[in-house]
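Here you go, one structure.
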Amino acid sequence: MESNIEQKKVIFSGIKPSGDLTLGNYLGAIKNWVSLQNEYDCYYCVVDLHAITVKQKPADLRKRTLEVLAIYIASGIDPEKNTLFIQSHVPAHSEASWLLTCNSYMGELSRMTQYKDKSQKMGESIGAGLFNYPVLMAADILLYNSDLVPVGKDQIQHLELARDIATRFNNTYSPTFTIPEGYVPKEGAKIMDLQDPSKKMSKSEENPNCYILIMDSPEVIKKKISRAVTDSIGIINYSDDQPGVKNLINIICAIKGISPQEVVSSYEGKGYADLKRDVADIIIEELTPVQERVKKLLSDKKYLEEIYRSGAQKASFAANKTLRKMQKKIGLIPK
Ligand code: AQP
């Protein structure tokens, strides 16, 4: 009998708990994941092994890992529909990463822009984990035979590398991995730093005025938005010449699902103070219910434990299947 159950395409994505999550993580990743969950078979991971490429305080890492999981759920990612898990709970990620490292080249890893940028800043003291992390990312994606990977522009080069590594493995041995495609969501927004809108909003930025955290209080959100850098033009346009204003407009668009033109026309004759007040209110309105749910979830550790345990079980099943194939093809003796 012909099955009419169409196999859903697989999506893998994750956020590293290397700092408290920002509005950038929320609007650029999590909010889009919520809309993908009905159409795709989604693996959403808290990538703690990526977080330790930079020094982390153990207690902070533990706390943040759970908080990120709670934020996923509080933002509307249904733990029943999706596989939610913590990366280090599925050892296949580390194992596959080693197997793929042995099928990767120093040259291709040295060409990664993010590594080049960071090594320029950190010099000799740059960690080997930062050099190798694109291979771990390739393992994350390839283990689930992901068809699509939602990526921000900053991650396109790493996804290309994952595709190269997968193609090389398939050609060296035999077809093993699905070659993943990048998925740029329609509503994909790149949220910029509030103090320097030429760079993206990042959770590891030292100055807290550069970012809005998902868990920031309304007072803090108002203060940070009121301090956001704009320009001396004084007219609300959506233009690259006004990157600070453009960023504030993008925030409204990403939350409200409207176009920049709609925002601009609603501010005719108004000033930056009006725009900033509204942006702060819109962010607060969006984040307050999420924050309330996060707090509730974090007070019920048992529930979170159930979610990440059953997620790890489901993820391990899929990941181990691929890992066993890799081991066998490479020539490792099965247990
Ligand atoms: N500013 C942003 N705008 C849009 N999307 C963003 N993402 C992060 N910042 C923005 C998206 O969040 C997902 C994963 O984030 P991550 O924390 O794993 O890595 P990251 O991109 O390196 O984030 P940070 O905040 O800049 O972390 P740090 O400072 O620790 O390096 C991705 O989908 C990313 O596109």
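Every number here is computed from the coordinates shown, using simple stated rules; none is lab data. Owing to the predicted nature of the structure, the values given are computational and were not obtained by experimental measurement. Here the Cβ is made from the backbone with ideal geometry for all residues, glycine too, and neighbour counts use every protein chain on show.
Restricting to Cα pairs below 8 Å that are 6+ residues apart, what does the relative contact order work out to for the stretch 143-228? Please round to a whole percent. If you can, show how the numbers build up before the last one.
Numbers: 87 pairs, mean separation 20.9, N = 86.
Once divided by the residue count of the stretch 143-228, the mean separation gives 24 percent.
Take the stretch 133-197, drop everything but the C-alpha atoms, weight them equally and run the Debye formula without solvent; then report log10 I(q)/I(0) at 0.23 Å⁻¹ to two decimals.
Taken in order of the listed q values, log10 I(q)/I(0) reads -0.93.
Using a Gaussian network model on the chain with a 10 Å cutoff between Cα atoms, which of M122, M137, M192 fluctuates the most?
Highest fluctuation among the options: M122.
Per residue and in cubic angstrom, what volume does the convex hull of the Cα atoms of the chain have? Show your work: numbers first, answer last.
Details: hull volume 55.4 nm³, N = 335.
Looking at the chain, the number lands at 166 Å³ per residue.
Something else: For the stretch 129-206 and the stretch 221-238, what is the separation of their C-alpha centers, rounded to whole Å?
That distance is 32 Å.
Which shape class applies to the stretch 67-178: rounded if a/c is under 1.5, otherwise prolate when a/b exceeds b/c and oblate if not, where a ≥ b ≥ c are the square roots of the Cα gyration tensor eigenvalues?
oblate
Further question on the same structure: Please identify every one of the chymotrypsin sites (Phe, Trp or Tyr not before Pro) in the stretch 294-335 that sits in a loop by DSSP and has no more than 10 other beta carbons within 10 Å of its own beta carbon.
Counting only loop positions with at most 10 other Cβ atoms within 10 Å, none of the chymotrypsin sites (Phe, Trp or Tyr not before Pro) in the stretch 294-335 qualifies.
Please give the charge dipole size of the stretch 257-335, origin at the Cα centre, charges +1 on K and R Cβ atoms and -1 on D and E Cβ atoms. Round to the nearest 20 debye. Walk me through the intermediate numbers first.
Numbers: 16 positive and 11 negative charges, 278 e Å.
Charge dipole, the stretch 257-335, about its Cα centre: 1340 debye, nearest 20.
Could you tell me which of I330, L275, V294 has its Cα farthest along the dipole of the stretch 228-335 towards the positive end, charges placed at Cβ (Lys, Arg +1; Asp, Glu -1), taken about the Cα centre?
I330
Arrange D48, D140, D231 by Cβ neighbour counts within 10 Å, fewest through most, would you? Could you put the intermediate results ahead of the total?
Values: D48 21, D140 27, D231 16.
Result, fewest neighbours first: D231, D48, D140.
Given Cβ point charges of +1 (Lys, Arg) and -1 (Asp, Glu) and nothing else, what value in debye, to the nearest 20, does the dipole of the chain about its Cα centre take?
1080 debye
So how far apart, in nm, are the two label points at S174 and Y238 if each is 7 Å from Cα heading toward Cβ?
The modelled label-to-label distance comes out at 5.2 nm.
With the Cα gyration tensor of the stretch 200-273 in hand, convert its eigenvalues to equivalent ellipsoid semi-axes via √(5λ) and list them largest first in whole Å.
22, 14, 12
So what is the 222 nm mean residue ellipticity for the chain from helices alone, if each DSSP H run of at least 4 adds -39500 (n - 2.57) and you divide by all residues, rounding to the nearest 500 deg cm²/dmol?
Estimated from H runs of four or more residues: -16500 deg cm²/dmol.
Counting only DSSP beta bridges with both residues in the chain, what percent are antiparallel, rounded to the nearest 5?
Counting only bridges with both partners in the chain, antiparallel ones make up about 10 percent.
Show me the helices of the chain, taken as full DSSP H stretches, that run 18 Å or more along their long axis by Cα and average 0.5 or above in Kyte-Doolittle hydropathy.
Membrane-span-like by this criterion, though nothing is claimed about a membrane: 128-143, 243-256.
In the stretch 59-158, which GluC sites (Glu not before Pro) fall in coil by DSSP and have 12 or fewer other Cβ atoms within 10 Å?
Those that pass, being in a loop and sparsely packed, are E80.
Between the stretch 276-335 and the stretch 1-50, how many Å separate their Cα centres?
After rounding, the separation between the Cα centres reads 9 Å.
E108 to I330: FRET efficiency via 1/(1 + (r/R0)^6), r the Cβ-Cβ distance, R0 22 Å, to the nearest 0.05?
Working: r = 19 Å, r/R0 = 0.88.
Efficiency for this residue pair is about 0.70.
Explain nothing, just the number: relative contact order of the stretch 96-188, from Cα pairs under 8 Å at least 6 residues apart, as a whole percent. Write down the numbers at each step before the final one.
Details: 98 pairs, mean separation 29.3, N = 93.
After rounding, I find 32 percent.
Normalising by the residue count of the chain, find the relative contact order in percent from Cα pairs under 8 Å and 6+ residues apart. Walk me through the numbers on the way to the answer.
Numbers: 497 pairs, mean separation 74.3, N = 335.
Relative contact order, the chain: 22 percent.
Can you pull out the trypsin sites (Lys or Arg not before Pro) in the stretch 118-198 whose DSSP state is coil and whose Cβ has at most 13 other Cβ atoms within 10 Å?
Working: sites: K118, K121, K153, R163, R168, K186, K190; in loops: K186, K190.
Passing both the DSSP loop test and the Cβ count: K186.
Sticking with this one: Taking 0.36 nm per residue of separation and subtracting the Cα-Cα distance, what length does fully extending N209 through E268 add?
18.5 nm
Turning to a different aspect of this structure: Straight-line reach from K325: which lysines have Cα under 25 Å away, leaving out those fewer than 8 places along the same chain?
K8, K9, K314, K335
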